[in-house]
Amino acid sequence: MRILFDQGVPVPLRKYLPQLEVTTVYELGWSAFTNGDLIQKAEDSEFAVFVTTDKNLKYQQNLKDRTLCIVILPTTSWPILQEHWEVILSSIQSFSVGGYIEVIID
């Protein structure tokens, strides 16, 4: 499964997802794209999941009829995300085509 990490997603999270193919927006040289163009580019490149920390994405973009599943992390803080990596992995693995998942951590 191909996963795309947006700019604010801490890259060290990648090592907790070893069975997934994780690429970052930065690595692809896509940092200058706006959200709408970035999501379209990710879909065109056959990514299954787009992981971001942009909680406003659903208000800024029309997500209807998308093939990409969007997973929203609650923070950019690596120490917090590291503590809850299993919840994040589970959320990513439960993806559905065109889905929208907000990861909840306590």
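Please go through the range 44-59 and give me each residue that is surrounded by 15 or more Cβ atoms within 10 Å (Cβ to Cβ) and either assigned to a helix (DSSP H, G or I) or hydroxyl-bearing (Ser, Thr, Tyr) (or both), ordered by number. Show your work before the answer.
Filtering the range 44-59 down to residues surrounded by 15 or more Cβ atoms within 10 Å (Cβ to Cβ) leaves 47-54, 57.
Scanning the range 44-59 gives Thr52, Thr53, Leu57.
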All positions within the range 44-77 that are closer than 16 Å to Val9 by Cα, aromatic (Phe, Trp, Tyr) and without any contact (Cβ under 8 Å) to a residue 12 or more places away in the chain: none
Selection count, the range 4-23, where residues are among the polar types (S, T, N, Q) and within 15 Å of Ile39 (Cβ to Cβ): 2
Any hit, the range 33-43, residues being hydrophobic (A, V, I, L, M, F, W, C), without any contact (Cβ under 8 Å) to a residue 12 or more places away in the chain and not in a helix (DSSP H, G or I): yes
Total residues in the range 67-99, condition surrounded by fewer than 14 Cβ atoms within 10 Å (Cβ to Cβ), of a type in the set (Ser, Thr, Tyr) and not in a loop (DSSP other than H, G, I, E, B): 1
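No value in this document is a laboratory result; all are computed from the given coordinates. Quantities reported herein were computed from a predicted structural model and do not represent experimental measurements. Glycine gets a Cβ as well: all are built from the backbone with ideal geometry, and neighbour counts include every protein chain shown.
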